[in-house]
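Following: one structure in structure tokens, then a few remarks.
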Amino acid sequence: MCLSTVYERRKDEKDACLLRNVAKVQIDPEQIVFTDLMGARTVYTGRLYKMDLLENIITVGRE
């Protein structure tokens, strides 16, 4: 099983870690829904920048 870490891209800082152990990503037109290993859902309003499944990193941002 592959689990990923979600980072948020920020203008004035380095990328900030938002979530760990993400097992599922659902992309809707206005939001991204992340589901972790325990089934907890987190809704993020923003844009998907990158998904690197070899490194298990997902990068999102508000712009």
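Annotations
- Between K14, K50, K24, the Gaussian network model of the chain with springs among Cα atoms under 10 angstrom shows the greatest mean-square fluctuation at K14.
- In a simple Cβ point-charge model (Lys, Arg +1; Asp, Glu -1; nothing else charged), the chain has a dipole of about 40 debye relative to its Cα centre.
- Antiparallel %, DSSP beta bridges [both residues in the chain], to 5: 80
Bear in mind these aren't lab numbers, they're just calculated from the coordinates by the rules spelled out. Note that the coordinates shown come from a computational prediction; the quantities given were computed from them, not determined experimentally. Virtual Cβ from ideal backbone geometry, glycine too; neighbours counted across all protein chains shown.
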